[in-house]
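What follows is a short report on a single structure.
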Amino acid sequence: MRTAPRSLVTALAVAATAVAGTATFAAGATPAQAATCAGYVGLTFDDGPSNAHTPALLNALRQYGLRATMFNEGQYAAAYPAQVRAEVGAGMWVGNHSYTHPHLTQLSQAQADSEISRTQQAIAAAGGGTPQLFRPPYGETNATVQAVEAKYHLTQIIWDVDSQDWNGASVDAIVQANARLTNGQIILMHEWPANTLTAIPRIAQTLAAKGLCAGRISPQTGRAVAP
C-alpha cells in the first residue's frame, strides 16, 4: 500500500554487525524502560530502504527507544544495501515486501515467486539476513501467494491497525492510530511520509503511557512479542 513511489567469512561479518547493532541498542535502553513493558506491539514501516528517508527514520526510532520491522522492497535493498545494514545496526528487523510492489494476486505463481525470491536474495546480499516475515503489497493475498510464501518459509504479516500515513494522514491521526494498539497487535506505517517521521516522539510517549513497548514480530505466531 503506497502512493509514492557467500562465504562463511561474509556470513560471520554480517552476524557480527547484527550483534554489534543489537548490543549498541540494548546499551542505550534503560532498566526503567524494560520494567514498564506490560505488553508489546509491532511497529512496521514499508517501502524502504532509501537514502532519502531511512537515515532520519532510524535516528528518530533509536532516539526514542523504539524498534521496528522494516518491510523492504527488493529493488531498494539492492540499490541501497548500506541502508539495509543500517537498519540491522540500529536494532531493527528486516522483512520482505516483494521486489517491485506489484499486485501479487494478479500475477502467476512463477511471477510471484520471482518477486519474493529476488527480495530474499537482495536483502541477504545487502546484509539484512534471510527474512522470515513477508508483507504482501497492499495487503493483497491469495492461495497462490501463500504457496510461494510457504516455499520460502515466510510468515505473512498484514496489520491490525492502518495508520493511513500513505493516504495523507495528519501527525495527530498517526499518533491516534498507534494509541489504538493493544498487546500483540501490529500497525502499518511507511518510511516516506513526513508526518510519520514527525509523529515518532509522540508515538513513543503514547505507547509508554499505555505500558506498551515496541517488540519484534514472531515468525511462529505473527504477533508482536518481546524482542
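Could you tell me how many of the residues in region 175-190 are open to solvent by 30 Å² or more (accessible area, probe 1.4 Å) and part of a strand (DSSP E or B)? Quick ask: steps written out before the conclusion?
We begin by selecting, within region 175-190, every residue open to solvent by 30 Å² or more (accessible area, probe 1.4 Å); these are 176, 179-180, 182-183, 185.
Filter once more, so that each one left must be part of a strand (DSSP E or B): none.
Of the residues in that region, 0 qualify.
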Checklist entry - So is Ala208 open to solvent by 10 Å² or more (accessible area, probe 1.4 Å) and over 18 Å from Tyr64 (Cβ atoms) or not? => result no
Checklist entry - If the Cβ limit is 7 Å and pairs must be 6+ apart or interchain, which residue in region 166-177 that is closer than 14 Å to Ile200 by Cβ and hydrophobic (A, V, I, L, M, F, W, C) pairs with which residue that is part of a helix (DSSP H, G or I) and open to solvent by less than 10 Å² (accessible area, probe 1.4 Å)? => result Val171/Ala199; Ile174/Asp165; Ile174/Thr196; Ile174/Ala199; Val175/Ala199; Val175/Ile203
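State yes or no: is Asp172 touching a helix residue (DSSP H, G or I) at 6+ places or on another chain (Cβ under 9 Å), of a type outside the set (Lys, Arg), assigned to a helix (DSSP H, G or I) and buried (at least 16 other Cβ atoms within 10 Å of the Cβ)?
Numbers: touching a helix residue (DSSP H, G or I) at 6+ places or on another chain (Cβ under 9 Å): yes; of a type outside the set (Lys, Arg): yes; assigned to a helix (DSSP H, G or I): yes; buried (at least 16 other Cβ atoms within 10 Å of the Cβ): no.
Criteria not met by Asp172.
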Checklist entry - hydrophobic (A, V, I, L, M, F, W, C), under 13 Å from the mean Cα position of the chain (by Cα) and open to solvent by 10 Å² or more (accessible area, probe 1.4 Å), is that true of Val84? => result no
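Okay, residues lined up against (1) within 15 Å of the chain's Cα centre (by Cα); (2) within 18 Å of Met189 (Cβ to Cβ); (3) open to solvent by less than 50 Å² (accessible area, probe 1.4 Å):
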| site | (1), (2), (3) |
| --- | --- |
| Thr100 | no, no, no |
| Ser114 | no, no, yes |
| Gln120 | yes, no, yes |
| Ala125 | no, no, no |
| Gln132 | yes, no, no |
| Ala147 | no, no, yes |
| Ala150 | no, no, no |
| His153 | no, no, no |
Item to check | So Gly91, is it crowded, with 22+ Cβ neighbours inside 10 Å, at positive phi and in contact with a helix residue (DSSP H, G or I) (Cβ under 9 Å, 6 or more places away or on another chain) | outcome: yes
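Filter region 39-69 for residues that are assigned to a strand (DSSP E or B) and not β-branched (Val, Ile, Thr); which is most open to solvent (accessible area, probe 1.4 Å)?
First pass over region 39-69, keeping only residues assigned to a strand (DSSP E or B): 39-48, 69.
Remaining after also requiring not β-branched (Val, Ile, Thr): 39-40, 42-43, 45-48.
Values: Gly39: 3, Tyr40: 53, Gly42: 1, Leu43: 2, Phe45: 2, Asp46: 2, Asp47: 9, Gly48: 2 Å².
Per the stated criteria, the residue is Tyr40.
Considering each residue of region 132-167, count those that are part of a helix (DSSP H, G or I), more than 19 Å from Leu107 (Cα to Cα) and of a type in the set (Phe, Trp, Tyr), and give that number. Reasoning before the result, please.
Going residue by residue through region 132-167, those that are part of a helix (DSSP H, G or I) are 137-139, 143-151, 165-167.
Subsequent filtering for residues that are more than 19 Å from Leu107 (Cα to Cα) retains 165-167.
If we keep only those that are of a type in the set (Phe, Trp, Tyr) too, we end up with 166.
Qualifying residue count, region 132-167: 1.
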Checklist outcome for this item: Within region 103-112, residues being within 16 Å of Gln75 (Cβ to Cβ) and part of a helix (DSSP H, G or I) number 3
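The values are calculated or read from the model by the stated rules, or taken from the named source; none is laboratory data. Keep in mind that what you see is a predicted model, and the values were worked out from it rather than measured. So basically every Cβ, Gly included, is an ideal-geometry build from the backbone, and we count neighbours across all protein chains shown. Please note that ligands, DNA and RNA were not included when accessible areas were found on the heavy atoms of the full protein model with its side chains. Shrake-Rupley method; radii C 1.70, N 1.55, O 1.52, S 1.80 Å.
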